[in-house]
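The values are calculated or read from the model by the stated rules, or taken from the named source; none is laboratory data. Since the model is a prediction, treat every value here as computed from it, not as a measurement. So basically every Cβ, Gly included, is an ideal-geometry build from the backbone, and we count neighbours across all protein chains shown.
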């Protein structure tokens, strides 16, 4: 009983420290970086609102403007590209506080209470983490293991940096905690799977990588429910279909085309991988391969009389790029597999300074990533990541050897979901996209760290 109280107090301490730090960092980063700088091209760039974040805020501004003009929710905003939910939440926040996102010149307005967004994100994440704790505390064998899990999820630098950022990660991690919590309840009514389907749909609205998340979930349920899976699967599909239908209808209202997967997703492999596949296939350098890719695209546009001012033609370009990549893939499966594995290893390195790096680097500088100071701490990140993974691997092995049937079930689920995210986004080679896995393998880390702590305590005695 005494150990339980001690572990519970530690958990609350970790939660409070994490929340306080995130709130402090939200104010610090926003005050410091809510301003413009002159980039290498002589243009004006906002430290925070650029690249993906710029896209979210641009969509948020459109959604807010459309709502103010009297349009309905489904008619307002842009088509689903990077995130459907996040820009709308930003817009709702600014509607509620009666502030503008952009000024009369079309620039992002400064000092317009942006800090409220990371503050809300931080509060929501630690609330979700508290709910997650309440779910797992009576399901895992050791209370100290639970305390170490919450320590990791509360204070691990690679996770905590996103709560004070303006990316989609913090909210998505919060949703993943709630999603993960569902699987710590062994006995469920069939109708509860309807809400699971709805929730996976909401996660898809936040990050489109979740569009196929339903597949590993159904595979996991098939393994353990066997012939009883039909009704739960039906409920999941119904819930998921409702959300997808809403997104598809909203896209239809913007473009007169009903679709689910953002069209720009069709071009990602063409943009980032096709050149490497051409280079490997034809044994030419990257510059020549890129030139060939662009010539092929321009020739196809001429042959098909493509007009980029016509929306239907733009969609044809997206589809062409996707087909182009798939055709290249036919002759490069082995090379692409090696490339995917290598980039996935890169992505698994914890980018603990990803947010600060994004705010500070001038991405208009040619090959900015090759500058000496761009990633001067990379070797320390690799060492840090290595120790986290070793501790987590120790925990995974302990569960396989000594865990009860439920713990082994959860371990299988964790591996399944982590493999899904690696398969979906590992090829990009960006650590930010792999932070999702930390929510899940935090369980392994907790077991591993508790094992080491117990061994050290025994030696000290």
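Residue under question is residue 94, and the condition is that it be over 30 Å from residue 146 (Cα atoms) and either at pLDDT below 95 or buried (at least 18 other Cβ atoms within 10 Å of the Cβ) (or both); does it hold? Judged against the criteria, residue 94 is a match. Residue 362 falls short on exactly one of the conditions (1) in a helix (DSSP H, G or I); (2) touching a strand residue (DSSP E or B) at 6+ places or on another chain (Cβ under 8 Å), and that condition is (1).
Put simply, of 245, 250 the only residue that is surrounded by 18 or more Cβ atoms within 10 Å (Cβ to Cβ), in the same structural domain as residue 208 (by TED's automatic domain parsing) and over 28 Å from residue 427 (Cα atoms) is 250.
For residue 319, state whether it is over 26 Å from the mean Cα position of the chain (by Cα), at pLDDT below 95 and either within 19 Å of residue 278 (Cα to Cα) or buried (at least 18 other Cβ atoms within 10 Å of the Cβ) (or both). When the stated conditions are applied, residue 319 does not pass them. You will find that of 73, 53, 48, the residue that is modelled with pLDDT of 90 or more, within 26 Å of the chain's Cα centre (by Cα) and more than 24 Å from residue 106 (Cβ to Cβ) is 73 and no other.
Among the numbered conditions (1) surrounded by fewer than 17 Cβ atoms within 10 Å (Cβ to Cβ); (2) over 27 Å from residue 141 (Cβ atoms), the only one that residue 427 does not meet is (1).
Of the residues 67, 48, the single one that is in contact (Cβ under 8 Å) with a residue 24 or more places away in the chain and under 20 Å from residue 354 (Cβ atoms) is 48. If you check residue 37 against the conditions, is it touching a strand residue (DSSP E or B) at 6+ places or on another chain (Cβ under 9 Å), farther than 11 Å from residue 164 by Cβ and either modelled with pLDDT under 95 or surrounded by fewer than 19 Cβ atoms within 10 Å (Cβ to Cβ) (or both)? Considered against the rule, which asks whether it is touching a strand residue (DSSP E or B) at 6+ places or on another chain (Cβ under 9 Å), farther than 11 Å from residue 164 by Cβ and either modelled with pLDDT under 95 or surrounded by fewer than 19 Cβ atoms within 10 Å (Cβ to Cβ) (or both), residue 37 comes out as yes.
In the set 175, 131, 140, only one residue is without any contact (Cβ under 8 Å) to a residue 60 or more places away in the chain, in contact with a helix residue (DSSP H, G or I) (Cβ under 7 Å, 6 or more places away or on another chain) and either surrounded by fewer than 22 Cβ atoms within 10 Å (Cβ to Cβ) or outside any helix (DSSP H, G or I) (or both); that residue is 131. Quick check on region 293-304. Is at least one of its residues under 28 Å from the mean Cα position of the chain (by Cα) and surrounded by 13 or more Cβ atoms within 10 Å (Cβ to Cβ)? The answer is no; no qualifying residue exists.
Tallying residues that are farther than 19 Å from residue 204 by Cα and part of a loop (DSSP other than H, G, I, E, B) within region 59-75 yields 5. Quick check, is residue 166 modelled with pLDDT of 95 or more, more than 17 Å from residue 124 (Cα to Cα) and either assigned to a loop (DSSP other than H, G, I, E, B) or in the same structural domain as residue 220 (by TED's automatic domain parsing) (or both)? Criteria not met by residue 166. Taking the conditions (1) over 30 Å from residue 38 (Cα atoms); (2) in contact with a helix residue (DSSP H, G or I) (Cβ under 9 Å, 6 or more places away or on another chain); (3) modelled with pLDDT under 95 in turn, residue 375 satisfies each one other than (1).
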